[in-house]
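The block underneath contains the structure these notes are about, expressed in structure tokens.
The values are calculated or read from the model by the stated rules, or taken from the named source; none is laboratory data. Note that the structure is predicted; figures quoted are calculated from it, not measured. Cβ coordinates were reconstructed from backbone atoms using ideal geometry, including for glycine residues, and neighbour counts include every protein chain displayed.
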Amino acid sequence: MLPVIALIGRPNVGKSTLFNRLTQTRDALVADFPGLTRDRQYGVGRIGPGPYIIVDTGGIGSAPEGIEALMERQVQLAIDEADHLLFLVDARDGCTPEDLDISQRLRRLGKAITLVVNKSDGTDPVQSSAEFHRLGLGDPVSVSSSQGQGVRSLLDQVFERLPEPDETETAEDQPGIRVAVVGRPNAGKSTLINRLLGEERLVTFDLPGTTRDSIFIPFERLGRHYTLIDTAGLRRRARVHEAIEKFSVIKTLQAIEAANVIILVIDAHQGIGEQDATLAGHIIDSGRALVVAINKWDGLDADQRETIKTQFARKLAFLDFAKPHRISALHGSGVGLLLDEVDQAYASATRDLSTPVLTRLLEAAVQEHQPPLVHGRRIKLRYAHQGGRNPPIIVIHGNQTESVPETYRRYLINRFRKELDLPGTPLRLEFKSGA
Ligand code: GDP
Ligand code: GDP
């Protein structure tokens, strides 16, 4: 599971600026799909010694509304679930009474905290950070979130203080295809999981000696192995029942990271909303294979069915690689087919693509539609090979590839996608110049 780092501090100290810097993605890898919205509160960061989940808790102050904000359910949940807190203060403003107040409350949480003095650009870091020692949170770390100074070294320091990962529960050790069922609250995830597990032979669920809260649930179907990643706290809910929050963005993100294939459950009775689009955005960023389950298809009239189809095509156009499947988790219709789709998506995501085949496809695509001229010279694309699986990455070598326009990149992706027939997985292109 990825470590969780939460950003805390009063408004305007630079939390969202730091969030953006930490979640910055390598442009060549993650495409900006039309219609895709980014989550500005939760993200997976990959600059640093390892990947991590970063949460921007929003503005927390000592004013009454600030205290309320701290108590707000999801913020509180994020802080509870965080492995490390980054408490941001502002080098320009100096140490304010609000900072003192927040630091007192944070210390009471008993969590690992790093004090971060932001906006240290154009200041003498030693001088501007000195006064923050009185917050009693140890040596402050100076950064400039907008310029990027100190951010890498901040991450190195945070990673040194993170708890050791649980070696016995790594995702890679789980048998078969790792599947995560995600979706907004009440979409029907638990109903679907229970049906999947109830109908198939369960291998080790609740074996004596494995009563620990494992989030990995292995099961078998038609001789094939799967591991379900439990985000809904199914196992725990029986014991702690209502007390625990069913839905957590952080657990969802961790499950997406740990999975090979995601089943995104959409509630047809509610229609496709903001939260569905945001979850879909996280899935796209992860590059995982995807099966979309439009749940609660039972009991819809013809008009409602039409509405869902239109909404899906319009709001989730960027999921065009995953065909939506209508199911009823409650009645079981369509559920068996879902695992066939999982198999297929996994096969697409992990397929071996040979260099001659990819190069031939590239040549044909270029022949039909040349890349544009840049400074009077034509971009040359020479050959292609596979650079990764789950998601498949196609690396294209040539000249001036850094100037390949977005439209041409999309053209190539669509060509590869069509010719290679890769249902259920996103496809990534990487360009390399020279040699
Ligand atoms: P938040 O309310 O804590 O999320 O703060 P924002 O990230 O929105 O930043 C507040 C303001 O501070 C914006 O105008 C940012 O451009 C600016 N800012 C953030 N980080 C830095 C920094 O490292 N240096 C400077 N000079 N300005 C910064
Ligand atoms: P979760 O929060 O995503 O885990 O959702 P649950 O599995 O707890 O389901 C939320 C509610 O939707 C429950 O009342 C379920 O009985 C209901 N539900 C789940 N699947 C279906 C379905 O296929 N059809 C109908 N009509 N209701 C469903």
Margin query: Exactly one condition in (1) under 27 Å from ILE272 (Cβ atoms); (2) surrounded by 18 or more Cβ atoms within 10 Å (Cβ to Cβ) is false for LEU412; which is it?
Written below: (1)
Next item on the list: Any chance you could count how many residues in the stretch 397-430 are in contact with a Lys or Arg (Cβ under 8 Å, 6 or more places away or on another chain) and farther than 25 Å from ASN260 by Cβ?
Entry: 5
Next item on the list: Starting from the stretch 79-103, keep only residues that are aromatic (Phe, Trp, Tyr), then list their pairs with residues that are in a loop (DSSP other than H, G, I, E, B) whose Cβ atoms are within a distance under 9 Å, requiring at least 6 positions of separation or different chains.
Entry: PHE87/GLY9; PHE87/LEU137
Check: Looking only at the stretch 271-303, which residues are out of contact with any strand residue (DSSP E or B) (no Cβ under 8 Å at 6 or more places or on another chain), near ligand 2 (Cβ under 10 Å from one of its atoms) and not small (Gly, Ala, Ser)?
Finding: ASP298, LEU300
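Which of the residues spanning the stretch 315-356 are charged (D, E, K, R), assigned to a helix (DSSP H, G or I) and without any contact (Cβ under 8 Å) to a residue 12 or more places away in the chain? Even if it seems obvious, please write down each step before you answer.
Filtering the stretch 315-356 for residues charged (D, E, K, R) gives 315, 320, 323, 326, 340-341, 343, 351-352.
Now restrict to residues that are assigned to a helix (DSSP H, G or I): 315, 340-341, 343.
Within the stretch 315-356, ASP340 is the sole residue that qualifies.
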Item checked: Selection status of GLY14, buried (at least 20 other Cβ atoms within 10 Å of the Cβ), within 21 Å of LEU319 (Cβ to Cβ) and modelled with pLDDT of 70 or more -> no
Check: Any idea which residue in the stretch 292-326 is modelled with the lowest pLDDT, counting only those that are surrounded by 14 or more Cβ atoms within 10 Å (Cβ to Cβ) and among the small types (Gly, Ala, Ser)?
Finding: ALA322
Notebook entry, point to check: Of the conditions (1) within 16 Å of ligand 1 (Cβ to nearest atom); (2) exposed (fewer than 13 other Cβ atoms within 10 Å of the Cβ); (3) touching a residue at least 12 places away in the same chain (Cβ under 8 Å), ASP124 fails just one. Which one is it?
Noted result: (3)
Check: Just a yes or no: is a residue in the stretch 224-244 hydrophobic (A, V, I, L, M, F, W, C), surrounded by fewer than 19 Cβ atoms within 10 Å (Cβ to Cβ), modelled with pLDDT of 85 or more and over 20 Å from THR350 (Cβ atoms)?
Finding: no
Next item on the list: Considering only the stretch 257-287, state which residues are closer than 11 Å to ILE229 by Cβ and at pLDDT below 95.
Entry: GLU257, ALA258
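Take the residues in the stretch 151-183 that are outside any helix (DSSP H, G or I) and surrounded by fewer than 20 Cβ atoms within 10 Å (Cβ to Cβ), then tell me which one is modelled with the lowest pLDDT. Outline the logic, then answer.
Going through the stretch 151-183, the residues outside any helix (DSSP H, G or I) turn out to be 162-166, 170, 174-183.
Cutting the leftovers down to surrounded by fewer than 20 Cβ atoms within 10 Å (Cβ to Cβ) gives us 162-166, 170, 175-176.
Values: LEU162: 91, PRO163: 83, GLU164: 80, PRO165: 73, ASP166: 69, THR170: 75, PRO175: 80, GLY176: 92.
The selected residue is ASP166.
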